[in-house]
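Below: the structure, in structure tokens.
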Amino acid sequence: MSAGLVYRAWGGGIIAAIASTSIALGQVLEGDRLNLNGRDYPVAWQQWRDNQNRVRTGISDGGLANRFGILLGDTTDPFQQPVAWFQPQFSPLAVRFSPNGMYRYLDITPWIEQYQWQVQPQGNTLQISTPPARILSWRQGRQPWGDRWVFELDRPTPWQINRLTFSRTGLAPRDLSLTIEASSQLATIPNVKITATPNRTVLETQIPGTARPVASTLLNPPRLVIDFRRDAPPPRTIQWAPGLRWQQQTVTLGNHQFPVDLLIIDPQQPGLRLRPLTPQPTTVVGLATLPELAQTWGAAAAINAGFFNRDRQAPLGAIRSEGNWLAGPILNRGAIGWNDRGQIVVGRLSLQQRVKTPTATVPIVTFNSGYVQGGLALYTPRWGASYQGKTGSEVVITVRNQQVVAQELINNNPAVPIPPDGFLLVARNFHSVLANFPTGASVELETMAMPAAFNSIPNIVGAGPLLVEQGRVVLNAALEQFGRGLDAQAAPRSAMGNRRDGSIVWVTTHNRVGGMGPTLAEWAQILRQLGLINAVNLDGGSSTALYLGGVLVDRHSVTTTRVNNAIGVFWQPTL
């Protein structure tokens, strides 16, 4: 027996009846695992009773899109989401938000009854079983935009694209895996591997790097249609929550078209705030996928942020959160800062840090950074519990309560504890300064950001190059000491900026239509066309990703890579 639904046999299938009393009025069951026909997925869900004492079931919108094949339509109403799934037109489902604002659930109770699904919560997992379905036929055709596959079914059934690899060049073939929750006796399909089980059919093939699979579903008879298109995708706008709008559109530059994903954020929305995300609340060292970072911190949305050293798993740029510096900038590169009122500051950021003793004032060259160079480096408890040597011979000065307590030469990279009430100063090829740090010496840190406008800004992320400032393109990769030719490389891109209306905008793009992503010069022009008056380039390439409500919305989850830091949107529903 389920916790919220009971079932009775009907017509050879199962129809759900809302009859159980195991969920009390006002009680909510929820979890973040979905078992669909025996396979587990990370999908958020809820069950609750409505005012008519009927049990309702909600599944996160991304989970429904990714695991059931439900198509999400345009909406300006965050509490009604139009959807299409084996029906002639889009129809709205009611939206319910999780208390922490991380997810929005679409109420699928009418579908449970209409499509005869079995639904049963078991702890953190919601089990859903759909009636057995069959693929009756498959046919292939040519359309003006490319190939078309049509699967005729005996009834509506879930389907999903469970693998779509990423093409770095935009031209190389990509692996595609399509799963249909239906049995089949399909004949051989050219260049397609078919794996059929009694209740599931998996098709694996390769598609051109310039093609993208676009799915639709039809009724009478039920059909799943997959078009392999090479043109620009249609625009889409979804008001995901009050103050959060997800938008997909295509920007044209000359003869090129660039599909982009945007998250448009209203910083004046009550209960909404943006914060940098690090691998864990206790350290800036480590790597995680963007969904992992978002879920660790409880963010509703996230975008990858600054550069990092993948080997050392450490940031290569500024991170400041709620007024606390977590890591310092490098090489005077572009950064963006914001406060909870929506004020934005951009510029090429440097941090003038000095440590003062009774005998000297010594500059600090890096702060909690994966960028290693000669001089005096600073490591605070936000680096982690300990510091591991980075070069062959370093001298570590331990400071507690603003006083030197130890000075030691380390070799072979031993770990040195970072005191919770102090910090470490690490001298690399800088032994001449050590006499100024005897045991017992008083130590004082001074920190000043340049430009000075950053000093009053509590949240900052450094990446670069700076692209747009006060409406003008100011790209200068060489000035920010990026490698030669970086600005001419075509690659996936991420950026953050703002518009004149006060909105904060995140943007990602992967490939232009028919080729690789934009160069930095093209990227700056794209952002200007999108109305950004200030914008900073974020880490791009394989790091580029945009997360919303539990899923990546700009790329398939199997292609995501681990990053060191990100920016998250936190939203607390007030209704």
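The values are calculated or read from the model by the stated rules, or taken from the named source; none is laboratory data. What you see is a predicted model, and the numbers here were worked out from it, not measured in a lab. Methodologically, a virtual Cβ is constructed for each residue, glycine included, from the backbone with ideal geometry; neighbour enumeration extends over all protein chains shown. Quick note on the areas: whole protein, heavy atoms, side chains included, nothing else; ligands and nucleic acids left out. Shrake-Rupley method; radii C 1.70, N 1.55, O 1.52, S 1.80 Å.
Structure values in brief
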read-out: Residue check for Ile344: β-branched (Val, Ile, Thr), under 29 Å from the mean Cα position of the chain (by Cα) and under 27 Å from Pro279 (Cβ atoms); value: yes
read-out: Single residue of the stretch 62-98 satisfying the filter (assigned to a strand (DSSP E or B) and farther than 22 Å from Ala301 by Cβ) that is farthest from the chain's Cα centre (by Cα); value: Ser91
read-out: Answer from Leu378, Leu293, Leu316 - the residue that is more than 30 Å from Gly101 (Cα to Cα) and open to solvent by less than 30 Å² (accessible area, probe 1.4 Å); value: Leu378
read-out: Any hit, the stretch 503-515, residues being part of a helix (DSSP H, G or I), in contact with a strand residue (DSSP E or B) (Cβ under 6 Å, 6 or more places away or on another chain) and under 17 Å from Gly334 (Cβ atoms); value: no
read-out: Criterion violated by Asn476 - all others in (1) touching a strand residue (DSSP E or B) at 6+ places or on another chain (Cβ under 9 Å); (2) under 21 Å from Ala335 (Cβ atoms); (3) not in a loop (DSSP other than H, G, I, E, B) satisfied; value: (3)
read-out: Every residue from the stretch 439-463 that is open to solvent by 60 Å² or more (accessible area, probe 1.4 Å) and touching a Lys or Arg at 6+ places or on another chain (Cβ under 7 Å); value: Glu444
read-out: Total residues in the stretch 170-209, condition at pLDDT below 90, under 25 Å from Arg555 (Cα atoms) and surrounded by fewer than 13 Cβ atoms within 10 Å (Cβ to Cβ); value: 1
read-out: So Ile397, is it surrounded by 15 or more Cβ atoms within 10 Å (Cβ to Cβ), closer than 30 Å to Gly540 by Cβ, in contact (Cβ under 8 Å) with a residue 40 or more places away in the chain and hydrophobic (A, V, I, L, M, F, W, C); value: no
read-out: Evaluation of Pro82 against (1) farther than 20 Å from Gln27 by Cβ; (2) crowded, with 20+ Cβ neighbours inside 10 Å (one fails), failing number; value: (2)
read-out: Residues satisfying the stated conditions in the stretch 519-575, i.e. in contact with a Ser or Thr (Cβ under 7 Å, 6 or more places away or on another chain) and without any contact (Cβ under 8 Å) to a residue 60 or more places away in the chain; value: Gly540
read-out: Number of positions in the stretch 529-575 that are among the β-branched types (Val, Ile, Thr), under 21 Å from Pro213 (Cβ atoms) and at pLDDT 95 or above; value: 3
read-out: Residue ID - nearest to Gly337 (Cα to Cα), chosen from residues in the stretch 400-429 that are open to solvent by 60 Å² or more (accessible area, probe 1.4 Å) and not in a strand (DSSP E or B); value: Pro420
read-out: Output for the stretch 321-343, where each listed residue is open to solvent by less than 30 Å² (accessible area, probe 1.4 Å) and assigned to a strand (DSSP E or B); value: Ser321, Leu326, Ala327, Gly334, Ala335, Ile336, Gly337, Trp338
read-out: Every residue from the stretch 534-560 that is touching a helix residue (DSSP H, G or I) at 6+ places or on another chain (Cβ under 7 Å), closer than 20 Å to Gly462 by Cα and either open to solvent by 30 Å² or more (accessible area, probe 1.4 Å) or part of a loop (DSSP other than H, G, I, E, B) (or both); value: Ala545
read-out: Residues being assigned to a loop (DSSP other than H, G, I, E, B) and either surrounded by fewer than 16 Cβ atoms within 10 Å (Cβ to Cβ) or of a type in the set (Gly, Ala, Ser) (or both) - total across the stretch 232-250; value: 5
read-out: Conditions (1) without any contact (Cβ under 8 Å) to a residue 12 or more places away in the chain; (2) open to solvent by less than 40 Å² (accessible area, probe 1.4 Å); number of the one not met by Asn220; value: (2)
read-out: Residues satisfying the stated conditions in the stretch 430-458, i.e. under 24 Å from Asn332 (Cα atoms) and not in a strand (DSSP E or B); value: Phe430, Pro451, Ala452, Ala453, Phe454, Asn455, Ser456, Ile457, Pro458
read-out: Which numbered condition Asn53 fails, given (1) at positive phi; (2) surrounded by 15 or more Cβ atoms within 10 Å (Cβ to Cβ); value: (2)
read-out: Per-region count, the stretch 141-153, residues free of Cβ contacts under 8 Å to residues at least 40 places away in the same chain and part of a strand (DSSP E or B); value: 2
read-out: Residue check, Arg275 closer than 22 Å to Gly370 by Cα, in contact with an Asp or Glu (Cβ under 8 Å, 6 or more places away or on another chain) and part of a strand (DSSP E or B); value: yes
read-out: Residue match in the stretch 154-175 (condition: farther than 18 Å from Ala215 by Cα, part of a strand (DSSP E or B) and not charged (D, E, K, R)); value: no
read-out: Tally, over the stretch 218-270, of residues that are acidic (Asp, Glu) and touching a Leu at 6+ places or on another chain (Cβ under 9 Å); value: 2
read-out: Only one of Ala305, Ala360 that is hydrophobic (A, V, I, L, M, F, W, C), touching a Ser or Thr at 6+ places or on another chain (Cβ under 9 Å) and modelled with pLDDT of 95 or more; value: Ala305
